[in-house]
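Scroll down for the structure; my scribbles are underneath it.
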Amino acid sequence: MRFENRVALVTGGSRGIGLATSRLLAREGARVGLFARNVETGRRAAESIPGAIFLAGDVRRAEDCRRAVRQILERWGRLDILVNCAGIIYRNRTVEETSEEEWDATFETNVKGAFLMSKYALPALRACRGNIVNVASYVGLVGFAGASAYAASKAALINLTRSMALDHAREGIRVNAVCPGSVDTDMIHTAWEQFGDVERARRLWEEKHPLGRIATPEEVAQAILFLASDEASFITGAALPVDGGITAA
Ligand SMILES: NC(=O)c1ccc[n+]([C@@H]2O[C@H](COP(=O)([O-])OP(=O)(O)OC[C@H]3O[C@@H](n4cnc5c(N)ncnc54)[C@H](OP(=O)(O)O)[C@@H]3O)[C@@H](O)[C@H]2O)c1
């Protein structure tokens with residue numbers, strides 16, 4: 001068990017990639033705190049995972065992030081792994097069509113959220129030479145039509161990852177990111193519904209990936225677990241594509 005005696009905090013842990021990550025971490029021995037806003041979904045998710053707890057909060061709020069780290073330390077006395085997975089997207093908008101509120105919400109969730117949670121988790125991570133994995137996106141590595149705010153926020157998250165990796169390397173804290181292609185979660189199903197014809201949208205999304213399909217949440221979670229594990233002990237500042245080959249083109 002790769003994560004025996006380790007403690008992890010996963011933002012966005014109640015659904016999708018964050019939930020799959022929490023499940024796999026727990027299966028490999030970790031005690032996991034799932035952080036998200038919706039209390040009902042979050043509690044249900046935590047109850048389905050042995051040794052997990054739900055931490056209610058919003059990554060955009062400093063006090064919520066501080067409280068979540070405190071709750072983890074009160075409960076388990078340590079924090080080894082932070083996975084910043086909470087994220088949102090507004091699609092089908094050029095910059096002209098993006099409202100200032102949508103831009104701010106995107107950056108506050110996808111970038112400031114990771115900044116805040118990292119800021120308050122770092123003292124605990126330092127104490128056990130822990131590590132951070134940020135969930136970015138392949139669209140942080142290349143341009144992406146129709147979601148400029150999202151793509152810009154993921155590029156910012158990738159460079160936050162690299163810069164934090166440099167700042168904290170000598171403390172033994174590693175900071176990495178995964179850059180998923182399309183993943184079978186609520187986020188992508190919403191995109192297909194917005195497209196109109198769900199089956200056609202699914203086929204189009206699948207064809208976009210050289211591997212000819214989209215990822216399962218577990219496939220992305222496995223990459224997150226690898227980066228969070230001792231097997232990745234010499235990897236820091238990396239932005240690992242988990243994208244079925246999209247960015248290879
Ligand atoms: N699905 C994809 O195709 C894909 C591809 C590349 C990258 N990603 C990235 O992967 C991450 C997870 O995506 P997903 O597809 O698993 O999304 P999802 O199914 O929509 O789940 C999002 C999770 O984030 C939480 N969340 C959202 N805003 C939050 C906030 N302000 N504070 C705390 N928690 C918040 C949600 O819970 P509440 O709503 O209850 O707060 C939920 O647990 C995101 O960062 C996303 O950008 C996804």
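No value in this document is a laboratory result; all are computed from the given coordinates. These numbers come from a predicted model, not from an experiment. We place every Cβ from the backbone using ideal geometry, glycine too, and count neighbours over all the protein chains shown.
Please report Rg (one decimal) and Dmax (integer) in Å for the Cα set of the stretch 1-113.
Using the Cα atoms of the stretch 1-113, the pair Rg, Dmax is 15.0, 50 Å.
Express in whole angstrom the spacing between the alpha-carbon centres of the stretch 164-218 and the stretch 71-104.
Between the Cα centres of the stretch 164-218 and the stretch 71-104 lies a distance of 15 Å.
Can you compute the modelled spin-label distance between GLU47 and HIS189, with each label point 7 Å from Cα toward Cβ, in nm?
With each label point 7 Å from Cα toward Cβ, the separation is 2.0 nm.
Looking at the P(r) of the chain, how many percent of alpha-carbon pairs lie beyond 27 Å?
Percentage above 27 Å: 30.
Based only on Cα atoms, what mean projected area does the convex hull of the stretch 136-249 have, in nm²?
So the mean shadow area of the Cα hull is 7.4 nm².
What shape does the stretch 20-78 have by the C-alpha gyration tensor, where a ≥ b ≥ c are the square roots of the eigenvalues, rounded means a/c under 1.5, and otherwise prolate means a/b greater than b/c and oblate the rest?
oblate
Rounded to the nearest 20 debye, what is the charge dipole size of the stretch 157-243 about its Cα centre when +1 sits on each Lys and Arg Cβ and -1 on each Asp and Glu Cβ?
Once rounded to the nearest 20, the dipole reads 280 debye.
Of the GluC sites (Glu not before Pro) in the stretch 14-61, which ones lie in a loop per DSSP and count no more than 16 other C-beta atoms within 10 Å?
Qualifying residues, ordered by number: GLU28.
Of all the C-alpha pairs in the stretch 90-156, what % are more than 14 Å from each other?
61
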